[in-house]
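A.B. asks: Sharing a structure with you now.
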Amino acid sequence: MGFVKNTKWVIVMYFLTIGAVVALFLYLAGEGGYLTIRDHRLWWYYTAGILLFTVIAGYIAAQRIQRPLDLLHLNMLQVAKGNLTVRMPEAEDESFAGVYSEFNAMTEAIENKMKLLQRLGEQEVLEKEFAAESAVLEERRRMARDLHDTVSQQLFAIHMSASSLSGVLKQDPVQGQQVLEQLVSMSHTAQKQMRALIAQLRPVELEGKTLEEALERWFPDYCRQNGLKGIREVELYGGLSDAIEHQLFLIIQESIANIVKHAEASMISLSLREEEKRVVLSVSDDGKGFDEGRPKQGSYGLSTMKERADKLGGQVEIVSRRGAGTTVRVHIPLFMAGGAEHTEQDPSRE
């Protein structure tokens with residue numbers, strides 16, 4: 001009986017009830033002698049005609065009311081999915097004109113606030129990037145000192161030990177063997193320290209590149225290093241600001257890193273599409289997945305990714321099922337009114 005809750009069919013039922021009441025009234029009038037019908041079979045035709053007419057009239061009236069409601073519902077779903085550019089057309093029915101006008105005013109206010117939020121988020125991202133760059137420079141100075149105090153010292157000790165090794169072996173083979181073991185240990189330590197310093201000094205993958213260029217190089221290398229098959233589909237047209245590109249790159253890195261840590265997957269699929277009003281990111285894996293109702297504590301680092309998307313007015317959606325992999329979808333709106341700001345590139349990319 002779910003149709004009883006639908007406005008259209010409720011109106012049709014009302015009209016059908018009215019038709020039945022009219023037919024019953026005519027029948028009682030005939031039985032009371034107020035109407036004279038010679039052939040009683042005509043009652044069936046009259047009753048069927050009245051009911052059919054009222055059903056048709058009710059359906060037409062219900063459609064006239066239901067269509068504006070369906071249109072309003074459709075546009076509300078679009079707004080809920082992040083499309084803030086939808087507007088209701090001018091209503092022919094004065095009953096809906098006020099509702100449509102209020103809807104348009106509401107969506108316009110939300111869009112303006114979202115634009116402001118995105119600009120503030122971009123400004124915050126750029127300011128943090130400037131602060132991070134200063135911090136990186138200071139960190140590199142510190143690592144240069146560490147390089148001198150650790151690896152350099154280890155190499156000097158290795159050199160001294162190696163220089164004396166031949167003489168020690170001749171005088172005392174046992175002590176010479178100990179020196180040799182120390183050389184192996186010190187070289188291993190120096191190697192680890194050097195690898196750590198190189199990893200810290202490695203430049204940011206996105207620096208001096210567009211997001212598409214960075215992914216073209218970074219994504220297959222990362223998949224190969226971790227024994228994964230990677231599928232990449234990127235459709236970008238240069239409409240993303242530096243801040244949006246940076247946040248998307250960090251979200252991609254974090255989501256794929258979490259797949260490596262938790263998913264036990266063999267394949268990763270990356271899709272990044274720039275549409276007219278939004279950019280859509282999707283990262284999928286064929287791993288073990290999890291129950292959406294009871295996500296594993298700490299899995300997939302969702303909070304950090306959501307915070308990054310929230311800064312730009314975006315949304316993060318997780319679709320997962322145990323044994324069927326996981327998909328992370330990110331939607332970030334794009335506002336054409338701020339296009340000049342969005343297309344302005346960082347001088348470092350020129």
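The values are calculated or read from the model by the stated rules, or taken from the named source; none is laboratory data. Every value quoted in this text rests on a predicted model; they were computed, and no experiment measured them. FYI the Cβ positions are ideal-geometry reconstructions off the backbone, even for glycines, and counts take in every protein chain you see. Surface accessibility is based on the protein's heavy atoms, side chains included, excluding ligands, DNA and RNA. Shrake-Rupley method; radii C 1.70, N 1.55, O 1.52, S 1.80 Å.
A.B. asks: To the nearest 10 Å², what's residue 59's accessible area with a 1.4 Å probe?
C.D. replies: Surface accessible to solvent at residue 59 totals approximately 90 Å².
A.B. asks: Note down the nm distance, to one decimal, between modelled labels 7 Å out along Cα→Cβ at residue 90 and at residue 264.
C.D. replies: With each label placed 7 Å out from Cα toward Cβ, I get 6.3 nm.
A.B. asks: Quick one: Cα centre-to-centre distance for segment 258-280 and segment 69-100, in angstrom?
C.D. replies: 32
A.B. asks: Next question, about the same structure. To the nearest 0.05, what FRET efficiency results for residue 273 and residue 178 with a Förster distance of 56 Å applied to their C-beta separation? Don't skip to the end; give the middle numbers.
C.D. replies: Details: r = 63 Å, r/R0 = 1.12.
Once the sixth-power term is evaluated, E becomes 0.35.
A.B. asks: Could you sort out which of 115/229; 115/209; 229/306; 113/261 sit more than 31 Å apart by Cα distance in this structure?
C.D. replies: From 115/229; 115/209; 229/306; 113/261, over 31 Å: 115/229; 113/261.
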